[in-house]
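The structure appears below as structure tokens.
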Amino acid sequence: MTNDIYGPFPGGADFLHGLTDGQRARYEELGTNLEVVERRIADACAAAGRARDEVTLIVVTKTYPAEDTALLAGLGVTDVAENRDQDAAPKAEQCRNLPLDWHFVGQLQTNKVRSVVRYANHVHSVDRPRLAESLAAAVLKSERPELGCLVQVALDKAHGEGAHRAGVAPEDVARLADTIADTPGLRLDGVMTVAPLAGPLAGDPARAFDRLAEIATAVRTDHPAATMVSAGMSGDLEQAIAAGATHVRVGTAVLGVRSPLR
Ligand SMILES: *Cc1c(COP(=O)(O)O)cnc(C)c1O
């Protein structure tokens, strides 16, 4: 029998049947890790009095091979994220027949947007009007439907501070949200952050994510459909869920520690 883990999606027992011994071992390892993460998410939801289905797990597959992405799809993962187009584009191409929703979460140069809009349904890292403009132009040139965009918030950034670091200052979120919402081809889906490593909120993800929640609420006042709050990674997903995150982005806890060389 052919061993095509890249689909068309076989699912269930047929999927397992097609695996080599090495793939089966990795499948089991990923399955165990996913169970641990699933338990953490369920416990955090319960502790926060939230329904489990209010939180979507996005598995961050960066630095890992397309084969892992396919195994994750076989394990029922529906959402995956990447942060570098050079790695993501070939992986997404290889996995194109799998039922996966691709999220882009990394710093994005405008010369990469034409590639990114071919596979990504959501870009979490929109942090400047020029990028929104460029994404919109690429969407309109392609046949694809609207692209979901999240404003990346840098909680430790000051108003008007330059673009050398990813994300916009909290004070600048509303204006960029309006720009995205007004741009044909783009859909404003919400806000995203990474807990800051510097500034007054460093080392306090709970407070950082509470601050993001306030910002998300303010954005929804003008844009009620922008309901995505993307926050929380392997080390702080509990704090993010407690603060109202709707999407957690988990890499290490599912796939293992990434090689520092990559
Ligand atoms: C790598 C990455 C993650 C996942 O981080 P882990 O600590 O491995 O869970 C989440 N969000 C972004 C933006 C990332 O680049």
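The values are calculated or read from the model by the stated rules, or taken from the named source; none is laboratory data. Since the model is a prediction, treat every value here as computed from it, not as a measurement. With ideal geometry, Cβ positions are generated from the backbone for all residues, glycine too; neighbour counts draw on all protein chains shown. With ligands, DNA and RNA removed, areas are computed over all heavy atoms of the protein, side chains included. Shrake-Rupley method; radii C 1.70, N 1.55, O 1.52, S 1.80 Å.
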Could you go through segment 135-150 and let me know if any residue there is closer than 27 Å to Pro205 by Cα and in contact with a Leu (Cβ under 7 Å, 6 or more places away or on another chain). yes
Is it the case that Ala13 is modelled with pLDDT of 95 or more and not acidic (Asp, Glu)? no
Could you tell me whether segment 82-95 includes any residue that is within 16 Å of the ligand (Cβ to nearest atom), surrounded by fewer than 16 Cβ atoms within 10 Å (Cβ to Cβ) and assigned to a strand (DSSP E or B)? no
Do we have Asp53 as more than 16 Å from the ligand (Cβ to nearest atom) and over 18 Å from the mean Cα position of the chain (by Cα) here? no
Selection within segment 214-235 - within 16 Å of the ligand (Cβ to nearest atom) and within 21 Å of Ala47 (Cβ to Cβ): Val229, Ser230, Ala231, Gly232, Met233, Ser234, Gly235
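For (1) within 16 Å of the ligand (Cβ to nearest atom); (2) touching a residue at least 12 places away in the same chain (Cβ under 8 Å); (3) open to solvent by less than 30 Å² (accessible area, probe 1.4 Å), each residue gets a yes or a no:
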residue	(1), (2), (3)
Val194	yes, yes, no
Gly199	no, yes, no
Asp204	no, no, no
Phe209	yes, yes, yes
Leu237	yes, yes, yes
Ala242	no, yes, no
Val250	yes, yes, yes
Leu255	yes, yes, yes
Inside segment 151-163, the number of residues satisfying the requirement of being surrounded by fewer than 15 Cβ atoms within 10 Å (Cβ to Cβ) and under 22 Å from the mean Cα position of the chain (by Cα) is 1
Out of all the residues in segment 164-192, which are within 16 Å of the ligand (Cβ to nearest atom) and open to solvent by 20 Å² or more (accessible area, probe 1.4 Å)? Arg165, Ala166
Inspect segment 110-119 for any residue being within 16 Å of the ligand (Cβ to nearest atom), open to solvent by 10 Å² or more (accessible area, probe 1.4 Å) and assigned to a helix (DSSP H, G or I) and give the result as yes or no. yes
Give just the number: which of (1) surrounded by fewer than 13 Cβ atoms within 10 Å (Cβ to Cβ); (2) away from the ligand (no atom under 16 Å from the Cβ); (3) free of Cβ contacts under 8 Å to residues at least 60 places away in the same chain does Ala47 not satisfy? (3)
Failed condition for Ser125, given (1) crowded, with 21+ Cβ neighbours inside 10 Å; (2) free of Cβ contacts under 8 Å to residues at least 12 places away in the same chain; (3) hydroxyl-bearing (Ser, Thr, Tyr), with all others met? (2)
Checking Gly148 against (1) in contact with a His (Cβ under 8 Å, 6 or more places away or on another chain); (2) exposed (fewer than 15 other Cβ atoms within 10 Å of the Cβ); (3) of a type outside the set (Val, Ile, Thr), the condition it does not meet: (2)
Please go through (1) within 29 Å of Ala136 (Cβ to Cβ); (2) open to solvent by 40 Å² or more (accessible area, probe 1.4 Å) for Val60 and return the number of the only condition it doesn't satisfy. (2)
Can you spot a residue in segment 211-222 that is in contact with a Ser or Thr (Cβ under 6 Å, 6 or more places away or on another chain) and open to solvent by less than 70 Å² (accessible area, probe 1.4 Å)? yes
